[in-house]
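Written out below as structure tokens is the structure these notes cover.
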Amino acid sequence: MTTQEKLESIFAAVVQRNPGEAEFHQAVREVLDSVGPALEKHPEYADAKIIERICEPERQIIFRVPWEDDRGEVHINRGFRVEFNSALGPYKGGLRFHPSVYLGIVKFLGFEQLFKNALTGMPIGGGKGGSDFDPRGRSDREVMRFCQSFMTELYRHIGEYTDVPAGDIGVGAREIGYLFGQYKRITNRYESGVLTGKGLAYGGAQVRREATGYGAVFFAQEMLRVTGDDLDGKRVVVSGSGNVATYAIEKVHQLGGTVVACSDSSGFIHDDKGIDVEVLKEVKQVRRERIAAYVQHRPHASFTAGQSVWQVPCHVALPSATQNELDATDAATLAAGGCLLVVEGANMPATPRAIRVFAETGVRFGPGKAANAGGVAASALEMQQNASRDSWTFAYSEQRLRDIMRDIHDRCYATADEYGMPGNYAAGANIDGFRSVAEAMLAHGLI
Ligand code: NDP
Ligand code: 2IT
């Protein structure tokens, strides 16, 4: 069997063993499509069935989460934690609370996470979790009761040396606070390193909140640097208006670019003078309103309901909302509008066909595994500070993040070169992450 045939048969087995999990299949396909050359160079990986083992999570936990709303009505949600791979460290990855969450989403995210975490060069394995709970429109008390019920089951599976969850869509500082409080209460342990993304009042780290968005922009800056370019004067479009999007916008502005549009699931806002980040934070973080409310504060800006933000022309696009939010049509529109660079703040936001369109039209592409790794890297720095009972300044933490993002960029770039695919950051990220995990798995024997 050729390497390609072997990979096809592994993929067919993954699809057959994990029926109906389209996002997981998509994430596996994308990695298998690029690791062929690494397998040819390292036949020992195939002999030890490293890929087959990587595609099978070490442990998958599914649990019932009952809770009561403010009117006394009982609700039942489903909770997940998929502990994908611990070759490089304790399972590490976020929790997503969104009605679309099911096992296939958690597995795609966990699978991506293990390569991403390997790319950071830090001692963290891969995992992901979440629930189909919809926090939107729920009171603080309802969210608290949900988080308490969720942790009442999850606590037995996690720990600072075992599995360290953090935030993702629908899980921010508020939810992490309630989750931590319940973990502490049940275990009677002040185990700071069991969760990351904590508030600064109780063991959180500077720059964790900003890290994913800032990190994606640092990655874009590095990609521009290798062609002698920078962000100064660039028009930028960001999708989403949550944690990743907000801090990506903030950093683009600090570096001289202008973000002219961002979105949520209801539509997008266009502000040609540049999105006012303080207004955005007030609308989305403080008041938890829909993005349309932004134009009440900035009357020259416009809101467009139900349409793609990618119709707004830009030099740099930062998809930072959710998976498969940028399709082939959007990619062609971006290319026609003069887009130079697409850097993924979200996990798997560009569809496989969109990525093909970027390659055909010369739009350079920074994959999420590399570009959004700043969030989890800052989580690993939070774990480091918790373990040493220390806390670093904002400036020092941001410098660490900047260095890590440059290092990830350089690894992807160099690995793509090494394997004869110059400029293919996606292949570079997949091969580099895969090699690190494979080497550790080989060393640990057949487990
Ligand atoms: P938030 O919950 O803070 O924000 C999510 C944003 O995306 C909101 O604007 C939301 O709009 C929009 N969105 C979510 N789901 C959909 C959907 N199905 N269709 C359209 N829009 C949607 O999440 P984050 O900013 O934390 O996460 C954004 C992305 O970044 C995700 O892909 C996440 O996995 C990834 N990521 C996050 C990291 C982190 O540290 N938080 C780290 C690395 C990656 P609405 O409110 O209308 O739903
Ligand atoms: O997708 C991601 O990398 C995250 N949601 C952050 C994970 C983490 O553990 O900080």
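We did not get these values from a lab; they are worked out from the coordinates using the rules stated. Keep in mind that what you see is a predicted model, and the values were worked out from it rather than measured. Every residue, glycine as well, gets a Cβ built from its backbone with ideal geometry; the counts of neighbours run over all protein chains shown.
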Within region 346-373, the residues that are in contact with a strand residue (DSSP E or B) (Cβ under 8 Å, 6 or more places away or on another chain) and of a type in the set (D, E, K, R) are Arg364
Of the residues in region 128-158, those that are closer than 25 Å to Asn347 by Cα, among the small types (Gly, Ala, Ser) and away from ligand 1 (no atom under 13 Å from the Cβ) come to Ser131
Of the residues in region 329-366, those that are more than 13 Å from ligand 2 (Cβ to nearest atom), in a loop (DSSP other than H, G, I, E, B) and of a type outside the set (S, T, N, Q) come to Gly337, Gly338, Cys339, Leu340, Gly362, Val363
By residue number, the members of region 37-74 that are over 22 Å from Ile158 (Cβ atoms), outside any strand (DSSP E or B) and charged (D, E, K, R) are Glu40, Lys41, Glu44, Asp47, Lys49, Glu52, Arg53, Asp69, Asp70, Arg71, Glu73
Practice prompt. Considering every residue within region 117-136, establish whether at least one is crowded, with 19+ Cβ neighbours inside 10 Å and more than 16 Å from ligand 2 (Cβ to nearest atom).
Written response: yes
Of the residues in region 25-66, those that are crowded, with 21+ Cβ neighbours inside 10 Å and either over 26 Å from the mean Cα position of the chain (by Cα) or over 23 Å from Gly110 (Cβ atoms) (or both) come to Leu39, Tyr45
Taking region 84-124 and keeping residues of a type outside the set (Phe, Trp, Tyr), within 20 Å of Ile169 (Cβ to Cβ) and away from ligand 1 (no atom under 15 Å from the Cβ) leaves Leu103
ask   = For Phe303, are the conditions met, namely being under 22 Å from the mean Cα position of the chain (by Cα), surrounded by 17 or more Cβ atoms within 10 Å (Cβ to Cβ), aromatic (Phe, Trp, Tyr) and not in a helix (DSSP H, G or I)?
value = no
Counting only residues that are away from ligand 1 (no atom under 11 Å from the Cβ), assigned to a helix (DSSP H, G or I) and of a type in the set (Gly, Ala, Ser), region 371-390 contains a total of 2
